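The values are calculated or read from the model by the stated rules, or taken from the named source; none is laboratory data. Predicted model, so just to flag it, every value in this text is computed and none were measured. Methodologically, a virtual Cβ is constructed for each residue, glycine included, from the backbone with ideal geometry; neighbour enumeration extends over all protein chains shown. Ligands, DNA and RNA are stripped out before the accessible areas are found, and what is left, the full protein with its side chains, is counted by its heavy atoms. Shrake-Rupley method; radii C 1.70, N 1.55, O 1.52, S 1.80 Å.
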Amino acid sequence: MRPFSYSRARTLGDAAQLTHDDTALAIAGGTNLLDLMKLQVETPETLADISRIGFGGIEDTDDGGLSIGALASNTETAVHPRVRSDYPVLARAILAGATQQLRNKATTGGNLCQRTRCFYFTNIDQPCNKREPGSGCGAIDGIAKLHAVLGTSDQCIATYPGDMAVALSALDAQVEIAKSGGDTRTVPVRDFHCLPGDTPWRENVLEEGELITAVTLPAPVGGTQIYRKVRERSSYAFALVSVAAVVEIEDGKFTRADLAFGGLAHKPWQDPRIGEALMGKVPSDDLFDKAADILLEDARGFGENDFKIPLARRTLHAVLQNATEAAA
Amino acid sequence: MTVHFKQDTPDDSNRLDGMKQGVLGKSIRRVEGMAKVTGTAPYSAEYPIADCAEGVLVTSTITRGKVVSIDKDAVLSMPGVLAVIDDPAMTTRAAQGTADEAPQQEPGTVCYWGQPIALVVAETFEQARDAAKHLPINYREDPSAPLDPQAVEAEEQEDETVRQGDLDHAMATAAHSVDVTYTTKGHASAAMEPHASIAQWDGDKLTVYASLQMLNYNISELADALGMEEENVRLVSRFVGGGFGSKLGVSEDVVAAAIASKEVGRPVRVVMSRQQVFQCVMRRSETTQHLRLAADENGKLIGFGHHALVSNLPGETFAEPVLQSSHFLYGGENRDLMLEVARIHRMTAGSVRAPGEAVGMPALEGAMDVLAEKAGIDPVELRLKNIPEEDPEEGLPFSSHKLAECLRQGADAFGWDSGPRSPRHTCEGEWWVGTGMASAARVHNIAEAKSRVTLKADGSAVVETDMTDIGTGTYTILAQLAGEMLGLEPAQVLVELGDTKNPRGPGSGGSWGAASIGSAVYIACKAVREELGQRLGVGETELELKDGKAASGESLVSLLDGNDLSREGHYEPGDIKDDFTASGFGAFFAQVRVNRFTGETRVDRMLGAFGFGRVLNHKTARSQCLGGITWSIGVALTEALEFDPRDGHLVNCDLAEYHVPVHRDVPDLEVVLVEERDPAASPIQAKGIGELGMCGGAAAIANAIYNACGARIFDYPMTPDRVLAAMPD
Ligand SMILES: Cc1cc2nc3c(=O)[nH]c(=O)nc-3n(C[C@H](O)[C@H](O)[C@H](O)COP(=O)(O)OP(=O)(O)OC[C@H]3O[C@@H](n4cnc5c(N)ncnc54)[C@H](O)[C@@H]3O)c2cc1C
Ligand code: SF4
């Protein structure tokens, strides 16, 4: 671990000031950042502790939605009565991640910004374009079981590993961002993370000095909400594939099909064409297959992770079938 | 006074059964448990040693070659840095279990990616770690570092080879034959406590607090590495946070701490990071196993073939002994067994819990399930039919043999359905549900051991040895054993372990600890009893001790008359080991569910029935079995070391990515202990239990996966990708 200075931000202005520099990083729960600092993957010169700035609450919004503060712990969010009743897919996604101890510390903002679990990214003695631009990608011809099959580039094939953001994408949530000057902007969660392209080091749209202040959920919709996470062991493992679904079926036909996928790409994956293909149709295996065809049209494996392509298809089937059964 | 006993003949007097205290075998909680869970039991890095400097190992970033130069000056000016050490005496890998001599030294010669090559010492751990990451090293790389065990010519381990009769002919003419190849991936011990040491010099006397399993060997390994006399070395390992083989031999941190402490003139602590524990201690070799089984129309084996390919670094003596139990578990007169080692440049392969059977049995017992299906015989029945009368290769009798009882009692307790079996009989929602079983076997190991037992003038007792308790219950069973012999409650017996100032124990490894050190304690206690008997005018065999008194009413305190009474027991395995084949046996039963969409497998329940001689404490014995079964869930479903194909470095080197089972993966486990006395195994009629519980369990799960969903998989672990690939539509 390299020496670093530590400052406690009291206000948002403080924090923005402190992090307005590429050698500074905000620290919230620290469950991701500290691990990476010990490995010297992250080497900030300044840590701005934002955990005492008051954006922790979970509050109703005027339009009937819910605002979840950037510093709300994952546990608080997952057990919040409105989250459980109105956005169960979010509670389920959070509870499918990490462990109780980690969720007690992990925050909304930190969870959205958590970094990939690519083995080559976390080993500073291996090449990695994300960690060290231009050094090459260790994973492409290496051990790539966890890696992406959608939206990859020849620079990077890492996945975004989180669960919470997959559910937030399906729920059409917005990320509230504050800029250093005091301005704010709002970005849909689905547009918050980036594809690797030629800039694999850039994982999300945050600019220097910008902080997440909250995530807002729109007014709840009805229907069945499912979070399905496929993993080797039954807890404490990242998703091989995950599906978040908010689905409504009326008169035997899909009237809502908001889907997002984890474990497949550098961001929670969404493809509006999938919902469009399902809407107004009667659930059937053939229809589910069509949806999977759209999802996987451009999928490409790297040997070890080829299995994710059929697995994603099968998991999507399972989720749509569960939703159909729940509606019956 | 030392009493030496060498066991050359079976002992079925079962003397321990005639003792009166009635504490041996009881379910007693671990005596050190409270200290551990309240954080007052010091692990090796936690000894409060004043003025301790911190050392961090620097590891290589090439696979093979030479260190040409190390730019020490570049980091010596960093804050807090005291020294950069690359002494040729530093070790580059852990010693193999029972090596008794220094492992490979000369850190300037690199044999695998991640090998220790230097140590940075600084005032704080963070300073040392930062400097270690910054140390510039210049290498001359040798590009010829074979990494793929399949791509090199392997060396046959000739003493493992057995050729009897004509297996090819038996296969060709058999009514039922099976010819299958299984693979297993490498495993890590993944003990909770990382390897850690604190070294301290007093003149030319060295003390090291270290996390080690076998101090009796480790002391010579360390002394040899440093070119010292053993008398000048003291090792202390009172509490060890799990070892599972990874701490059998002296590890790199121990030697480095000793050298560094001498150089900087202060105590030095070296704690391996989790990544270093994974990358530079020991791996279990991956295996490729070719099994051939030939059976007559009744399912009786007439031919048995097991070839295994394992790997290790050039020059290492250890070869994962995959065939260990295959040599005697089942009959079949035409036999062909062979073990080969591929020399590759991955980290050292060595003992990980149950070396050999941990991976050999899952393959063999998988193949047996294929045979049961082909022959149309219930899998339990097939095993019962093939239990040999005597060792099929050596012709020796078995010291004791409870496989049949374990199979029957286990099947009963599990509710095994012996009716016709075919896959996909039960589907609950999305889940196919099925059952499977397997036999368990693990050779019985035993070793020389010494212990001193002292009856104190106040009527309490002390047991002393350098034996370790790696979390298994050694403190507790020795208190029970001495208590039983001396007529005391275990709480009146103080057990002092893990310090080489005490008599040499056997060390913890190969499941031999309890039987070996228990025998030494038994011998010492018998000698104490003899003296007490003389004082009372009765023979040792007539002496009855209970609750601190002899049957005549005389108390131990009065018999001791103000003095301590001390005897040392020295147990040595005698010729008896050449007269019998000795092994623990058992049976596993599993019910699993496999998701028909995702191929995820979850274990519903598992049962193990085991016979391993005398049970010294039902609670600690059962806990060992539960731990073993849990490991077999890992072998079956999740545990796999992944090596980079280009430089051989271990990629998944932490507990987030090396998947041991979590609580939710470990369901309802049940253990049936089939009590027995093994007169030839040890003077206390006990055998090993620590490893047996995982020897074959993975096959019960694999066979249950097949029974559930019809996916016959030949590659462990059976992760969802593999299940899906093998699952019929
Ligand atoms: C062993 C292990 C297993 C795990 N398993 C899972 C899993 O299965 N599923 C899953 O989803 N997650 C999993 N996690 C990840 C966990 O969810 C994240 O570590 C956690 O959510 C990060 O939150 P934090 O508050 O601790 O972030 P920190 O570690 O404090 O910060 C992480 C990053 O976010 C930035 N950051 C934090 N807050 C803000 C903000 N308000 N604005 C801008 N940037 C910010 C920091 O600068 C830093 O770069 C696992 C973690 C571990 C260690
Ligand atoms: S996949 Fe991305 S994160 Fe992983 S090594 Fe390649 S560039 Fe780095």
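For the protein assembly as shown, what does -39500 (n - 2.57) per DSSP helix run (n ≥ 4), summed and divided by total residues, give at 222 nm, in deg cm²/dmol to the nearest 500?
Computed mean residue ellipticity for the protein assembly as shown: -7500 deg cm²/dmol.
Which loop trypsin sites (Lys or Arg not before Pro) in segment A:248-328, with loop taken from DSSP, have no more than 10 other Cβ atoms within 10 angstrom of their Cβ?
none
Roll a 1.4 angstrom probe over the protein heavy atoms and tell me the percent of accessible area of the protein assembly as shown that is carbon or sulfur.
Carbon and sulfur together cover 47 percent of it.
Using alpha-carbon positions, what is the distance between the centroids of segment B:45-95 and segment B:351-378, in Å?
Comparing the Cα centres of segment B:45-95 and segment B:351-378, I get a distance of 44 Å.
Could you tell me the distance between the Cα centroids of segment A:118-141 and segment A:235-280, to the nearest Å?
Using only Cα atoms to place each centre, the spacing works out to 31 Å.
Considering only A:ALA245, A:PHE302, A:LEU316, whose Cα is most displaced toward the positive end of the charge dipole of segment A:224-327, charges sitting on Cβ of Lys, Arg (+1) and Asp, Glu (-1)?
A:PHE302
Relative contact order for segment A:224-327 using alpha-carbon pairs under 8 Å, separation at least 6, rounded to a whole percent?
Over segment A:224-327, the number comes to 26 percent.
Working only with C-alpha atoms, what are the Rg and Dmax values of the protein assembly as shown, expressed in angstrom?
Every Cα atom of the protein assembly as shown included, Rg and Dmax give 30.8, 99 Å.
Residue by residue through segment B:716-729, which ³J(HN,Hα) values in whole Hz follow from phi under the Karplus form 6.51 cos²θ - 1.76 cosθ + 1.60 (θ = phi - 60°), with glycine and proline marked x?
9, x, 8, 6, x, 4, 6, 5, 4, 5, 9, 6, x, 5
Just by accessible area at a 1.4 angstrom probe, what is the order of A:ASP35, A:ASP49 from largest to smallest?
From most exposed to least exposed: A:ASP35, A:ASP49.
Once you order the gyration tensor axes a ≥ b ≥ c over the Cα atoms, which shape class does chain A get: rounded for a/c under 1.5, otherwise prolate or oblate by comparing a/b with b/c?
In terms of gyration-tensor shape, oblate.
Using a 1.4 angstrom probe with every protein chain in place, what is the largest-first accessible-area order of A:THR199, B:THR719?
I get A:THR199, B:THR719, largest accessible area first.
Only bridges whose two residues both fall in chain B count here: according to DSSP, what percent of them are antiparallel, nearest 5?
If I count the DSSP bridges inside chain B, around 70 percent turn out antiparallel.
What's the longest uninterrupted piece of chain A once you rule out the GluC sites (Glu not before Pro) that are loop residues per DSSP with at most 15 other Cβ within 10 Å?
Between exposed loop sites, the widest span is A:46-206.
Roughly how big is chain B's charge dipole about its Cα centre, with Cβ charges of +1 (Lys, Arg) and -1 (Asp, Glu), in debye to the nearest 20?
Dipole size: approximately 1680 debye.
Based on the alpha-carbon gyration tensor of segment B:366-422 and its eigenvalue square roots a ≥ b ≥ c, which shape applies: rounded if a/c is under 1.5, prolate if not and a/b is larger than b/c, or oblate?
Note, shape of segment B:366-422 comes out oblate.
Counting only protein heavy atoms, probe 1.4 Å: which residues of segment A:143-183 lose 30 Å² or more of accessible surface in the full assembly compared with their chain by itself?
A:ILE143, A:LYS145
Of A:ALA292, A:VAL230, A:ALA327, which is farthest along the charge dipole of segment A:224-327 in the positive direction, counting Lys and Arg as +1 and Asp and Glu as -1 at C-beta?
Selected residue: A:VAL230.
Buried by at least 20 Å² relative to the chain on its own: which residues of segment B:574-602 qualify, computing accessible area with a 1.4 Å probe on protein heavy atoms?
Relative to the lone chain, where solvent access is computed with a 1.4 Å probe, segment B:574-602 loses at least 20 Å² at B:ARG596, B:PHE597, B:THR598, B:GLU600, B:ARG602.
What are the ³J(HN,Hα) couplings of segment B:552-567, residue after residue, when phi is run through the Karplus curve with 6.51, -1.76, 1.60 and θ = phi - 60°? Round to Hz, x for glycine and proline.
Whole-Hz 3J(HN,Hα) from phi for segment B:552-567: 5, x, 5, 8, 4, 4, 6, 5, 7, 6, x, 10, 7, 10, 10, 9.
What does the C-alpha gyration tensor say about the overall shape of chain B? Classify as rounded when a/c is under 1.5, otherwise prolate if a/b is larger than b/c, or oblate.
oblate
Rounded to the nearest 20 debye, what is the charge dipole size of segment A:224-327 about its Cα centre when +1 sits on each Lys and Arg Cβ and -1 on each Asp and Glu Cβ?
400 debye
How about segment B:490-528: which trypsin sites (Lys or Arg not before Pro) there are in a DSSP loop, with at most 14 other Cβ atoms within 10 Å of their Cβ?
Passing both the DSSP loop test and the Cβ count: B:LYS501.
Could you report the protein assembly as shown's accessible area per residue, 1.4 Å probe, as an integer in Å²?
35 Å²
So how do A:THR186, A:THR107 rank on accessible area, 1.4 Å probe, biggest first, that is with the largest at the start?
Greatest to least solvent exposure: A:THR186, A:THR107.
I'm a student and want to see the number: the projected area of the Cα convex hull of segment A:224-327, averaged over all directions, in nm².
6.5 nm²
Can you list the residues of segment A:220-237 that have at least 20 square angstrom less accessible area with all protein chains present than in their chain by itself, probe 1.4 Å?
Checking the loss per residue gives A:ARG228, A:VAL230, A:ARG231, A:GLU232, A:ARG233, A:SER234, A:SER235, A:TYR236.
Return the value, in Å² to the nearest 100, of accessible area buried between chains B and A (probe 1.4 Å, both sides summed).
That pair hides around 3400 Å² of surface in total.
Taking DSSP loops as anything outside H, G, I, E and B, show the longest stretch in chain B free of GluC sites (Glu not before Pro) there with at most 11 other beta carbons within 10 Å.
With GluC sites (Glu not before Pro) excluded where exposed in loops, chain B gives B:543-729 as its longest stretch.
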